[in-house]
Each structure stands twice: as structure tokens, then as C-alpha cells.
1. Report in % the part of the accessible area of region B:34-182 that belongs to carbon and sulfur, leaving out ligands and nucleic acids; probe 1.4 Å.
2. Give the average, rounded to an integer, of partner chain Cβ atoms located within 10 angstrom of each Cβ in A:11-24.
3. Only protein chains counted, 1.4 angstrom probe. Which residues of region B:160-182 are at least 30 Å² less accessible in the assembly than when their chain is isolated?
4. Would you tell me the mean number of C-beta atoms belonging to other protein chains that fall within 10 Å of each C-beta in A:82-89, as a whole number?
5. Note down the accessible area of A:Tyr186, probe 1.4 Å, to the nearest 10 Å².
6. Hey, any idea what % of region A:10-77's accessible area is carbon plus sulfur with a 1.4 Å probe?
7. Roughly how tilted is helix A:161-191, in degrees to the nearest 10 and between 0 and 90, from the longest Cα axis of chain A?
8. When only DSSP loop residues count, what trypsin sites (Lys or Arg not before Pro) in region B:73-182 have their Cβ near at most 10 other Cβ atoms within 10 Å?
Amino acid sequence: MLRQFHSLPGLIAALLVMILAISGAVLSVDPALERLHSTSTAAGQLNVGQLAGRVASHFPGVEQIQRTASGTVIVYYNQDGQSGTEKVDPLTGQGLAPYEPSAFTRWMKDLHRSLFMGTPGHGVSGAGALFMLILSVSGALLLARRLGGWRNLLRPLRGTFSQRWHAEVGRLAVLGLLLSSLSGLYMSATTFGLIADGSQSEPAFPTHISAGPALPVANLQALQATDLNDLRELVYPSPGNPQDVFALRTAQGDAHGPEPG
Amino acid sequence: MIFPGFQVAASQQVQALATTFKQDILMKKIIAATCLAGAVALPGLAQAREVTLTTQLKDYGGNDAYLAIYVTDANGQYQKTLWVAGKKAKYYRHLTDWARGSGMNPSEFDGVSGASVGSGRTLKVSVELADTLIDAGYQIHIDSAVENKREARADVSVPLTSKGSGKPATGSTYVDSFTYDL
């Protein structure tokens, strides 16, 4: 019974699970690659106020500063009616190169998330993650039974190579597979709005704003108090709209701050 | 004016059928009266016309774009949503200025939203627009956003005038050209 529970989903979903696993493995290399090419700063070395000041001197039309989880600092700006996106050196605020997300990564991500099929594809991918979970759990149970209990799980397997290779590989991979399938299911559930992904707990935009004289961005206290490593996103107020404010998104949460006037 | 009537009817649902029937007639009277009052008041207040919005996107190479097309006053203060392209409300905050102005309140874009728009594609929609907004210093703005790429406030910003009708305006980020036909 348990064996059927393991082999039937395996047969049905083999191709799907393989596509998801391989594309996921390719995507998992991305953050590491990105980290290699970005300047890292120690905690306490640079705060967001300093960065914003340096960026403002190189990009007068700055609209937004973004820091990816792997440390790349990206500036969105507007110049002469045309918009640009540039990777910057956080230490100087100077532009390094125009930032263009990789088309290959986007293609791979689309394959991994929805097999290029939009919303129905998201469902298929989610089902793939569920199959992977079923396979991992039933595989682990089979393995425990074959070795005579959970305590013997790390003992050598008996039999010829063809009898034991699947169990050997499975034993090595099962923890990773469980983690991947559970995180995949979680992301699928957030895509379909079944569970909250944290974006609901954002502060409302302030209804009352006390307009005063403008401070230079580098002097704003909230920005000085935020370490660069905690920064996710700093949105500047629209130029020419005195009712607008700064919006700061950090690893801990979001806030709206005073406008520069 | 219409709500007290509805509330009375709702709270007395458990009462005898005859009472409900009377309530029903009363409610219909209220509705009829309100409609009549509206019909008398409307022509003077809000002459509206149909306007066609044509938004041609650049070939920016990326996921489908979310767009918010809305009217602001001369200072850029939000007035009214004309169209929102993109169905997942959790991404609306990336349409920064529009999100702030409208408060992302569903009643602001009820009935005037649709699918997101692909790279290089054209969005063409017809919406109702009050005559009072034309030639009165108002502007049409488009905010745009694409996943993993930058978001743009005022990708397009054009004055809303009868002279500007049919004349394409260029966008700064994802929008190649935008035309409104009054």
C-alpha cells in the first residue's frame, strides 16, 4: 500500500517534478551569483541617510533606491522625461552600470512558477510541489521500514547497486526535498491568496501631513537610524507634490516619513 | 437617503410575511423616488461622455505591466480612476502615486479594471468621463509597474483638453504612446 502510494504519484508526476526541481536548482544559484558582484558593507558602516545623500548628488532625479536581499543597490531615476535604472556603488553613490534583470532568469522563473501557462500553470506547479511532498514523506517511510525503524535510518543499505541506489540518493536528498516542497506549497498558497504573505500588514498612508521647510535627505533622522543592510526600498516623494512623503521599507517593516517640501 | 429604508427592511426580515410585503412596497417607493430625483438632478450636475484610452507599451521585455490611468488636478492631486490594468490587488501599491491618491479603495476602481498588459501590447478601453474635467486644468496620469523592474509614477502625464484629444503623448518608462479620444 505504502509502496503504491510512493510509486503511483512518482509515475504520474515524474516529468513535472523533474522540471520543477531542475529549474528550481538553476534559480537557486542566482542569489549567490548576484552576491559575488555586489559591494557588501559591514553592519554600522553605512546608513540609509548617507547613501541617500550620496545618491542624490549623482542622480538629481532619483525616485527610488532599492536594495536586493543579496546586496545589490539599484537606483531608479528620471532625467529629461526619460526614466533609467542603474546599479550603484553604495560607498560612493556613483552609478556602475544600467541595471537590467536577466531575461534568462525571468524565463526560468516563469517556467518554475507557472510553466508559461499563467494562473492554471501556477496551480500545476503547486500540485507538483504537493506530489513532491507526498513522494518525500512516503519515501522516507519506506526507507525507515526497509532499515528497520527510524533509529537505523543512517545504517548502510543492503542489496545490489540496482536495488539500493534509489534509496541511497533519496536518503541524501529527502531533507532538501521536504524543504523545497513545503516552501513551494507555501508560495503557491500565497499566490492564490490562501495564506497571508505579509504584504497586508502595511501602514496606511498618513492622512495628515505637516508641511515645513525641506531638509536635505541625508539629514532625515529615520534614514540615519537605518543601517544599509536593513534597507529594502526607499521611495522619494514626487517632485512638485508638497503633500507627498518618503516611504521606507526595511527588513523589519514599512514606514512613511516627512516630505522634503 | 436610500439606506435607512434598506436597513429597516433588513432588520425586520423575521416579521410576518404581510409586514415584509408592506416594507417591500415602501422600499420600492423609496427607490423610485430616489431614481426620479437623480434623473432630475443629473443633467445639470454631470454631463458625461465616453472617452477612448489607447495605451501602446514599449517592447521592454519583461512580465506583464500593471497600469493605473487616472485624473489629477493641476498639482498632481488624485481625482478619479479611469482604468486599472492588473488583477492582483496586492501589487497595486507599486502604482505609487495612484495608490496613495486612491487609497487603493476598491470603490475607486469598481468596474474599471482588467488584465495586465504585455510588453509591446496595446490596451484600448472606453470609459465614462465627466465633461467638467475637460478643459478645466485637469491631467491624465499613468503609473506603471513591472515585476522585478522599476515602477514609474507619471509614466505619462498629459493635460486633459479637447485640443489634446487624438494626439499621442510619449511615456517615460513602459508606455510608448498614449492617446485619449474624446
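The values are calculated or read from the model by the stated rules, or taken from the named source; none is laboratory data. This is a predicted model, so every value here is computed, not measured. Methodologically, a virtual Cβ is constructed for each residue, glycine included, from the backbone with ideal geometry; neighbour enumeration extends over all protein chains shown. The accessibility values were calculated without ligands, DNA or RNA, using every heavy atom of the protein model including side chains. Shrake-Rupley method; radii C 1.70, N 1.55, O 1.52, S 1.80 Å.
1. On the way: 3390 of 6720 Å².
Summing carbon and sulfur atoms, their accessible area is 50 percent of the total for region B:34-182.
2. On the way: counts 0, 0, 0, 0, 0, 0, 0, 0, 0, 0, 0, 0, 0, 0.
Average neighbour count from other chains, rounded to a whole number: 0.
3. B:Ser172
4. Working: counts 4, 11, 3, 3, 0, 0, 0, 0.
Mean partner-chain Cβ count within 10 Å for A:82-89: 3.
5. We get 110 Å² for A:Tyr186.
6. Values: 2160 of 3300 Å².
Answer for region A:10-77 is 66 percent, counting heavy atoms of protein chains only.
7. For A:161-191 against chain A, the angle is about 40 degrees.
8. On the way: sites: B:Lys80, B:Lys87, B:Lys88, B:Lys90, B:Arg93, B:Arg100, B:Arg121, B:Lys124, B:Lys149, B:Arg150, B:Arg153, B:Lys163; in loops: B:Lys87, B:Lys88, B:Arg121, B:Lys149, B:Arg150, B:Lys163.
For trypsin sites (Lys or Arg not before Pro) across region B:73-182 that sit outside H, G, I, E and B with at most 10 neighbouring Cβ atoms in 10 Å, the list reads B:Lys88, B:Lys163.
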